[in-house]
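Beneath this line is the structure, given in structure tokens, with notes to follow.
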Amino acid sequence: MDPRFTLIDQDLVLQPTKGPTLAGAAPAGVGFNDRVTAPWNKIFKIVFFPDRIYHAQYLNATRSPRYQYNVLEVRGRADFTMLKCEVYLDGSFLCNALRLEYRAGRLAEQVRENGRLLGNEVLAWVELNHTDPAVEKSSKRYVKMFFDRFVDAYQVEIWGTLEPPQTGSHAFKVLDQMGLHKPITAIPSFAGALADIKGVTGAQVAFRETDLDRPLNYKINNPGWDNDYARSHQEPNNPAPNSSANTVDDKNYKINFQRGWIRDATKIEHVRYQNAMMEESSADYYKGPSPSPGVLDGNKNVMGMRWIIQRELGGTVVYFHEVELPPGAVEGTHQHIGSEELYYFTEGEGIAYLGDGDDPDVDKTYPLVDPMPDIYGLGPKPCRAIPVRPGMTLFTKSGGIHGVRNPKANASPLKFVAFGYHAS
């Protein structure tokens, strides 16, 4: 742990050191709350709210004041969070650790479909990624997780060691949590990864019911699974529109500890889609000869997407991509339930469709689409047509309807960037 930091009154406080301090460091004795309550910093109190939580929240060993955690990294994906941290006992470094937390909303639904309720334990299949291939190869196994009412989630901490220092002992308040199949555990096959925790670059994780129903102990033969709902991502593996080779199944949660990315979207190949998000009954559906692979052809209703960031995104964000509609191409009008999506137009001009009643100002200003467009999977519904150009934003909440058209009379493609996420 950085010697300038200690845990005082459940707040992270900067303390003076004998040596020089880092440039720009806050004065000694200034805690998190003091740094963010100034009027010009209040927005950052909101943005940095998790910083305080991860320094002061209930972690397993903090029932005893002899233990402190130094959280190095936090990554999340929907219901799942992983922490890389250091554990200190009586002010001295004890070991590195990984903490897994899982809210189990998706797994609870899978279990209910099988006529059961989720118990107090779940299993996590964990595969750690590491810079050392030999360490990575051995870092795969099931880990048991336990429901914790303090964080309203299933959790487990994997420590590098459960052995106390030779000259000390563990606190009795924490010992009952330690051991095999306990909330604080040590896993020999993960020892190498934890010894070099900076080398842990990510993880793949899936969750399932345990083998036995507690407390009745009858065997569960068809355990429910949550592998991020068989999460998949898009890659430009085949230039043919709608090629199944472009959909890559992942079937697990993905955590990546890389801290930043720079990507040039112009160097990312398009994944091509024909008749995207529309039924054959739609007037815009193209039914002619197959288009040439690798060509964006609006007259054959082929559009392209550059999938810029997908699995690297945290929380409930699913994708960030650039869409290109050549003249004559249409992105089918569709509806999201439980999800939200934002489009920001960057090039060209076109027409966006928005469901009638979704935006009262749009209803007052723009005409109904005639004939009424087919909504993907829902049949015809009334929509409004809005001209769009660079700088305009289309934002739809759960239940909203939207689609985009580049009229054939246009000479240039219509481009917009989009990101979608699950509403919570």
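Observations on the structure shown:
- Any hit, region 328-344, residues being of a type in the set (Gly, Ala, Ser), crowded, with 19+ Cβ neighbours inside 10 Å, in contact with an Asp or Glu (Cβ under 9 Å, 6 or more places away or on another chain) and not in a loop (DSSP other than H, G, I, E, B): yes
Each row is one residue, and each column tells you yes or no for (1) β-branched (Val, Ile, Thr); (2) surrounded by fewer than 20 Cβ atoms within 10 Å (Cβ to Cβ).
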{"position": "VAL71", "(1), (2)": "yes, yes"}
{"position": "ARG99", "(1), (2)": "no, no"}
{"position": "ALA108", "(1), (2)": "no, yes"}
{"position": "ARG112", "(1), (2)": "no, yes"}
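- On inspection, THR185 passes the criterion of being of a type in the set (Ser, Thr, Tyr) and within 18 Å of LYS140 (Cα to Cα).
- Residue within region 339-356 that is modelled with pLDDT under 95 and among the aliphatic types (A, V, I, L, M) present: no
- Restricted to region 278-298, and to residues there that are touching a Gly at 6+ places or on another chain (Cβ under 6 Å) and modelled with pLDDT of 95 or more, the residue that is surrounded by the most Cβ atoms within 10 Å (Cβ to Cβ) is GLY298.
- Tally of residues being touching a helix residue (DSSP H, G or I) at 6+ places or on another chain (Cβ under 9 Å) and within 19 Å of ILE351 (Cβ to Cβ) across region 304-321: 0
- Enumeration of residues in region 53-91 that are small (Gly, Ala, Ser) and either within 18 Å of LEU175 (Cα to Cα) or in a loop (DSSP other than H, G, I, E, B) (or both): ALA61, SER64, ALA78, GLY91
Table: residues versus (1) free of Cβ contacts under 8 Å to residues at least 24 places away in the same chain; (2) more than 27 Å from LYS84 (Cβ to Cβ).
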{"residue": "ILE197", "(1), (2)": "no, no"}
{"residue": "THR201", "(1), (2)": "no, no"}
{"residue": "THR210", "(1), (2)": "no, no"}
{"residue": "TYR218", "(1), (2)": "yes, yes"}
{"residue": "GLY224", "(1), (2)": "no, yes"}
{"residue": "GLU235", "(1), (2)": "no, yes"}
{"residue": "ASN238", "(1), (2)": "no, yes"}
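- Residue check, ASP250 over 25 Å from PHE147 (Cα atoms), surrounded by 15 or more Cβ atoms within 10 Å (Cβ to Cβ) and modelled with pLDDT under 90: yes
- Test for ASP374: is it over 25 Å from TYR229 (Cα atoms), touching a Lys or Arg at 6+ places or on another chain (Cβ under 9 Å) and at pLDDT 95 or above: no
- Screening PHE147 against (1) touching a residue at least 40 places away in the same chain (Cβ under 8 Å); (2) closer than 19 Å to GLU209 by Cβ; (3) not basic (Lys, Arg) leaves a single unmet condition, (1).
- Members of region 244-261 that are of a type in the set (Ser, Thr, Tyr) and touching a residue at least 24 places away in the same chain (Cβ under 8 Å): TYR253
The values are calculated or read from the model by the stated rules, or taken from the named source; none is laboratory data. Everything quoted here is computed from the prediction, not taken from an experiment. Counting neighbours? That spans all protein chains shown, and the Cβs are built from the backbone with ideal geometry, glycine included.
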